[in-house]
2 protein chains.
Amino acid sequence: MPKLEAIVPYSRTAKVTSVTDLPTEEAKWCSLKKIAYEDETGKSRLWEMAERRTRGKAGVDAVAIGNIILHPSRPPSTVLVIQYRPPLDAYTVEWPAGLVDADETVEQAAIRELKEETGYEGRVLSISPIVASDPGLTNANMQLCMMEVKLKEGDPEPEQRLDDGEHITRVTVPLSELYDRLVEYANTDRMTVAAKLHHFAAGMHFSKTAGFP
Amino acid sequence: MPKLEAIVPYSRTAKVTSVTDLPTEEAKWCSLKKIAYEDETGKSRLWEMAERRTRGKAGVDAVAIGNIILHPSRPPSTVLVIQYRPPLDAYTVEWPAGLVDADETVEQAAIRELKEETGYEGRVLSISPIVASDPGLTNANMQLCMMEVKLKEGDPEPEQRLDDGEHITRVTVPLSELYDRLVEYANTDRMTVAAKLHHFAAGMHFSKTAGFP
C-alpha cells in the first residue's frame, strides 16, 4: 500500500489538537435540532438532527463534480481531490465539491469549485436531482453535477485557485482504474474515501463485473 | 410522475409538527463538537462537526445493504426501502441500512437489517472499506455490504420484522431499471433519494452509457 506521505506533498500533515463539546447557540456552521413529528398512525414522536446553517436560495447545501477528463492520448480519467478533513482527522479522497453560495446556482457552483480546486474548466453534462447526504442524521443535501473537461495535446497542468487555508492535492485517475485505486486509498493509513464517490465507483465496478445485462 | 400515495400504503403520511433548537447537552443520539487542529503550515484552526453518539466496537456507525435478488424467472433486481425521514420531512428511497449495534460485527448488522427491513435472508458477497458519509459536516461513517438473495420459483414474499414505530415500504426494482426509477422517485412530491444509492445507480448508468472501456 502507498503511504500518505507519498500521496500528499506537505512536509507535515494536519492533525487534531482537541475536540470539545460545542453548545448549539455558539455554532456558526451547523446546529442541532429537535424535530417533533406525527407518524403514519398519528402518534407524536421525536427525532434529533444536525443541520447546516449555510443553505442559500438554491435550496441545496452542496454540489459534487463527477468529472471526466478527456485527452487525445490518455485514457478517459477523472480528477479527485485529497484534503485534510478535521471531522475524520484524516485525508479524504473525494470528487471536487463545495457548498453552494447563497446567490449562485448549482451549475455556477460546480464550474467555480472545479476551477478552484483543480484548475480545470469544463462544461456541465448533467445535474442529478437533489439527494440526501445522510437521511437519518441530517437534512444536508447535494446534487451530483457531471462535467466534461476536454484537453488538447500539450496543454499545461492548470493552476488551482485555493482559498487561504485550503490545502488540496489533485490526482488524476483513469476511470477504468477508479474502483481499485479507491480501495487502495481506503487501505492507506490516515486516508478515508468519501462514501458517495465510493458508491459511484462501486456502481461502475458492479456494472462491469456482475455479468448482468 | 407517480404520486407518493400510490407508492406508500398508509392512509395518512407522517409530517413534522415543530422544529426547535436542541441544546447539545440534551441530545441523546448526536452532538456538536468543536475541533481544534493544526493545518499543514502549523497554523491553529477550528472546525465544527456533528457526531453520532452511538458508535460501538465495530468502529463504524452504519451499514447499507447493496442487495441483489436473484429469481429463476425474473430479472436480477434489488429491494429498496421507502420510509419517512424526519430530517427531510420526506419519504426517502434507500437501500436497507441501519446502525451497527454496540456488540455486533458489520456482517451481522447487514444480515439482521436486511431481514428486519425486507424479510429477505441473504449471503454476504463483499464489504467495502469504511467510508465517510459527509466528510465536511460529520465523522459519520458506514460500510456498503453487497449481499445476494437467491429465491426459488413460488417462494412467498417474506414478512418484514419491523420495530415499533418503523413504517417501511419495500419495492423491488430490476437492476437494469434502477437509475430511471430513482430519477422518477426523486421527482415525486415529498420523496427524496439517498445520495449514496443515487451515486451507485449513477455509476452503473455511466458505465453502460459513457461508451468507455
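The values are calculated or read from the model by the stated rules, or taken from the named source; none is laboratory data. All values derive from a computational prediction rather than experimental measurement. With ideal geometry, Cβ positions are generated from the backbone for all residues, glycine too; neighbour counts draw on all protein chains shown. Heads up: the accessible areas ignore ligands, DNA and RNA and are worked out on the full protein's heavy atoms, side chains in. Shrake-Rupley method; radii C 1.70, N 1.55, O 1.52, S 1.80 Å.
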Please work out the Cα convex hull volume for region B:122-213 and give it in Å³ per residue.
200
For residue A:108, place a label point 7 Å out from Cα along the Cα→Cβ vector, do the same in each other copy, and report the separations in nm, one decimal, smallest first.
5.2
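So in region A:40-209, what percent of DSSP beta bridges are antiparallel if you round to the nearest 5?
Details: 23 of 36 bridges.
Antiparallel bridges: around 65 percent, rounded to the nearest 5.
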Where does each of A:92, A:105 land when they are ordered by accessible area, with a 1.4 Å probe and the largest first?
A:105, A:92
For chain B, what does the relative contact order come out to in percent, with C-alpha contacts under 8 Å and a separation of six or more?
23
Can you tell me the Rg and Dmax of the protein assembly as shown, counting just the alpha carbons, in angstroms?
21.1, 65
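Where does region A:50-120 land on Rg(C-alpha)/(2.2 N^0.38 Å)?
1.26
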Using a basic spin-label model with each label point 7 Å from the Cα along Cα→Cβ, how many nm lie between residue B:208 and residue A:169?
3.7
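Can you tell me the accessible area per residue over region A:40-209, all protein chains present, probe 1.4 angstrom, in square angstrom?
Working: 6730 Å² over 170 residues.
With all protein chains present, region A:40-209 gives 40 Å² per residue.
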Amide H to amide H, which residues 5 or more places from residue B:192 or on other chains are under 5 Å from it, using H placed in the peptide plane?
B:91, B:92, B:93
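For chain A, what does -39500 (n - 2.57) per DSSP helix run (n ≥ 4), summed and divided by total residues, give at 222 nm, in deg cm²/dmol to the nearest 500? Each step should come with its number before you reach the end.
Values: 3 runs with 37 residues, N = 213.
Taken over chain A, the calculation gives -5500 deg cm²/dmol.
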Measure off 7 Å from each Cα along the Cα-to-Cβ vector at residue B:71 and residue A:44, then give the distance between these two points in nanometres to one decimal.
4.3
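Taking each pair of distinct Cα atoms in chain B once, what is the resulting Kirkwood hydrodynamic radius in Å?
Details: mean 1/r = 0.0521 Å⁻¹.
Here the Kirkwood hydrodynamic radius works out to 19.2 Å.
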Ranked by accessible surface with a 1.4 Å probe, highest first, in what order do B:95, B:29 come?
B:29, B:95
Give the nm distances, rounded to one decimal, from residue A:10 to the matching residue in every other copy, measuring between label points 7 Å along Cα toward the beta carbon; shortest first.
4.5
Label distances, nm, residue B:176 versus same residue in remaining copies, Cβ-directed 7 Å point:
2.6
